[in-house]
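Q: Quick one: structure below, then a few questions.
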Amino acid sequence: MSAAESAIETIQREMTTFARRARASAGRMHPELSLVSYTLLGHLEERDGCRATDLAAHYALDKSTVSRQVAALERAALIERRLDPEDHRVQVLHLTDAGREILAQVTRSRRAAFRERLAEWPEEDLVRFAGYLERYGTLQPGALADLTTIALDSVRTAGPPPRLGAETAVFAASAADVRHTVVGGRHIVRDGAHTLVPDVPQALARAVETLRA
């Protein structure tokens, strides 16, 4: 086994261990709040509320999985449903005051745990480690999408409306129809806007001008 192959094996093993410890530590910080629940609460706070279907699309989760998590958070009075002011047929999930309090509490605990764990690391090691993590999470050119959802009310949309969660990816004749795209667990397009490049047309225009120059 080459040094590179050995390193990849070590990375795989250590990241698996890290994920397992993250789930365990989330349970210790708040027994009733799993790592998934904590993540969903954080997203609801960041987005100031969203639909359950948006949560499923963002994290590339099955609708039934999200429904179970949402139901548990509702029973714990950590989230609540409100009518969308722009469309009363739609219910939007929002944090309750108790949800915000618990989220803030767990976030403080998690930050303290990381600071304690990394307290003896030199600053240059921390910066290098953070850079490696960001590099690992960066979208690779040519990566295939894990999930794509399309605006079904668009006149350019082709194909039958989806009946099941697995049928949410349908053909669209234009990139403008794409509402959500997840690649490698990372949201690339959210609510029709590209999350990595704020203005795609201008970015493409600049790239073309660079090539011409």
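Q: Give me the 1.4 Å probe accessible area per residue for segment 74-142, excluding ligands and nucleic acids, in Å².
A: 82
Q: Right, here's the next one. Let me check I've understood the local charge: for THR96, count other residues with C-beta under 13 angstrom from its C-beta, Lys and Arg +1, Asp and Glu -1. What total comes out?
A: Charge balance near THR96 sits at -1.
Q: With a 10 Å radius around each residue's Cβ, average the other Cβ atoms per peptide and rank 12-19, 71-78, 49-56, highest first.
A: Answer by packing, highest mean first, reads 49-56, 71-78, 12-19.
Q: Would you pull out the residues with amide H under 5 Å of VAL90's amide H, same chain only if 5 or more places away, H placed 1.01 Å from N?
A: HN-HN under 5 Å from VAL90: ASP84.
Q: ARG28 to ALA119: extension gain in nm, 0.36 nm per residue of separation minus the Cα-Cα distance?
A: 30.7 nm
The values are calculated or read from the model by the stated rules, or taken from the named source; none is laboratory data. Please read all numbers here as calculations on a predicted model, not as lab measurements. Because the Cβ atoms are built from the backbone with ideal geometry, glycine has one as well, and the counts that use them run over all protein chains shown. In case anyone asks, the SASA skips ligands and DNA or RNA and just uses the protein heavy atoms, side chains included. Shrake-Rupley method; radii C 1.70, N 1.55, O 1.52, S 1.80 Å.
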